[in-house]
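Student: Structure below; questions to follow.
The values are calculated or read from the model by the stated rules, or taken from the named source; none is laboratory data. Values in this document were obtained by computation on a predicted structure and should not be read as measured data. Virtual Cβ from ideal backbone geometry, glycine too; neighbours counted across all protein chains shown.
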Amino acid sequence: MSVQSNVEVHSEWGIVSARQAGRNLAKELGFAGVDQARITTAISELARNIYLYAEKGEIVLEGIEGKETGGAKRGLKIVAKDQGPGIKSIREVMEDGYTTSGGLGAGLPGVKRLMDEFDIDSVAGEGTEITTIKWLR
Ligand SMILES: Nc1ncnc2c1ncn2[C@@H]1O[C@H](COP(=O)(O)OP(=O)(O)OP(=O)(O)O)[C@@H](O)[C@H]1O
Ligand SMILES: [Mg+2]
């Protein structure tokens, strides 16, 4: 599968575009309405964090295939990457309520709950790459 789209995030518009691209791809891959909403919410939170903490970055959306017993499964992968300040303590940011901006601190823990797989790769001073996947059921 080679459906992939890259959306630059450096303004509120980028957040909106990333959401729309996510909804379109989720539909195309056959996700039901509730999962489409989960995916677009996850994209919003990740894009909003890029805009807020790193000023700019990119959301990459891709239809992927994974293996499961008895065949292949399809999914939607979101990669949110930026070259911002990075995250010092990944453990802390994954706690509900942890925020450095007076937000709710619900974004990243929320994304983890909404999606099936979630991974943060971040180096302080270099940037952040968050990868998360929703599998089609
Ligand atoms: N891309 C990023 N680069 C650097 N720091 C980040 C990034 N994304 C998140 N963080 C840090 O992680 C913290 C937690 O993020 P999270 O999205 O969970 O909450 P929030 O943005 O503070 O509030 P909310 O999303 O609920 O409005 C942020 O306050 C910020 O310090
Ligand atoms: Mg946030």
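Student: Against the condition exposed (fewer than 13 other Cβ atoms within 10 Å of the Cβ) and out of contact with any helix residue (DSSP H, G or I) (no Cβ under 7 Å at 6 or more places or on another chain), how does residue 32 come out, does it pass?
Tutor: yes
Student: Related question: Out of 68, 55, I need the residue that is under 20 Å from residue 17 (Cα atoms), surrounded by fewer than 19 Cβ atoms within 10 Å (Cβ to Cβ) and among the acidic types (Asp, Glu). Which one?
Tutor: 55
Student: Can I ask one more? Spot the failing condition for residue 27; the list is (1) surrounded by fewer than 17 Cβ atoms within 10 Å (Cβ to Cβ); (2) of a type in the set (D, E, K, R); (3) farther than 19 Å from residue 134 by Cα; (4) at pLDDT 95 or above, and only one is missed.
Tutor: Condition (3) is where residue 27 drops out.
Student: Residues of segment 102-135 being aliphatic (A, V, I, L, M) and either over 12 Å from the mean Cα position of the chain (by Cα) or assigned to a strand (DSSP E or B) (or both), which ones?
Tutor: Answer for segment 102-135, where residues must be aliphatic (A, V, I, L, M) and either over 12 Å from the mean Cα position of the chain (by Cα) or assigned to a strand (DSSP E or B) (or both): 104, 106, 120, 123, 124, 130, 133.
Student: Inside segment 91-114, can you point out the residues that are more than 9 Å from ligand 1 (Cβ to nearest atom) and either surrounded by 14 or more Cβ atoms within 10 Å (Cβ to Cβ) or at pLDDT below 95 (or both)?
Tutor: Result: 112, 114.
Student: Output the number of the condition that residue 6 fails; it satisfies all remaining conditions of (1) in a strand (DSSP E or B); (2) within 12 Å of ligand 2 (Cβ to nearest atom).
Tutor: With (1) in a strand (DSSP E or B); (2) within 12 Å of ligand 2 (Cβ to nearest atom) applied to residue 6, the lone miss is (2).
Student: Right, something else. Report, by residue number, each residue of segment 43-86 that is away from ligand 1 (no atom under 16 Å from the Cβ), among the acidic types (Asp, Glu) and out of contact with any strand residue (DSSP E or B) (no Cβ under 7 Å at 6 or more places or on another chain).
Tutor: Result: 68, single match.
Student: Specify which of the listed residues (72, 80) is without any contact (Cβ under 8 Å) to a residue 40 or more places away in the chain and not in a helix (DSSP H, G or I).
Tutor: 72
Let's see how each residue does on (1) acidic (Asp, Glu); (2) away from ligand 2 (no atom under 14 Å from the Cβ):
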position: 57; (1), (2): no, no
position: 73; (1), (2): no, yes
position: 79; (1), (2): no, yes
position: 84; (1), (2): no, no
position: 89; (1), (2): no, yes
position: 95; (1), (2): yes, no
position: 99; (1), (2): no, no
position: 116; (1), (2): yes, yes
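Student: List pairs: first in segment 49-67 and part of a loop (DSSP other than H, G, I, E, B), second within 12 Å of ligand 2 (Cβ to nearest atom) and polar (S, T, N, Q), Cβ under 6 Å, 6+ apart or cross-chain?
Tutor: Nothing qualifies.
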